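Only one structure is covered here, and it is reproduced in the block below.
The values are calculated or read from the model by the stated rules, or taken from the named source; none is laboratory data. Everything numeric in this text was worked out from a predicted model, so none of it was measured. All Cβ positions, even for glycine, are placed from backbone atoms using ideal geometry, and neighbour counts span all protein chains on display.
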Amino acid sequence: MSPMVKRIAITMGIFVVLMLGTLLFTYQIIDIKWISMMVIQPSYRPMTDPLQLPPQSVPVQGAAFVPLSGSPANPIPADKASLGRGQFLFELNCAVCHGFKGKGDGSIVDSLSRKPPDLTSEPIKNLSDGEIFLVITNGINPGIGRRGGMPALRENTLVSDRWDMINYLRSLQQP
């Protein structure tokens, strides 16, 4: 290899090493924003709250309750299918606190600050289906700064599911 070719190869090698070194150190400084499909699409951040319904709108399932109109009436007949669905949903959503027979003796009752009521007791029997529906829907808030109460199940259960649970609860209240 001639000395001239050797000098050119060495010079080119030094040049390439310097260019690579410069690129490595300036990469964070010269940050090129590449267009990606994730940037140009409308997206939602994880764990964002759902949008509020417009005022005076009616849900897809129909109105469950119109405020200031008294308690709603139970539109679901207490037939065998409703009681079966109600039992399944009661055991899934309510039995942990209220127990499988509604006596207030659920599996986590010892760890609760407020004991759940016996759903077969006279005060609960005297409530209308609509009043129980509102408690299941909105929960029980014991007040600001106090712990305990019942969570609202309006986002976890369908309107018809809540009525099925009430039908099943009424069957538990029978002697």
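Among the residues of segment 98-127, write down those that are under 20 Å from TRP163 (Cβ atoms) and in a helix (DSSP H, G or I).
Passing the criteria: HIS98, ILE124, LYS125.
Looking at segment 136-158 only, could you name the residues that are modelled with pLDDT under 90 and part of a helix (DSSP H, G or I)?
Once the filter is applied, which keeps residues that are modelled with pLDDT under 90 and part of a helix (DSSP H, G or I), segment 136-158 yields THR137, ASN138.
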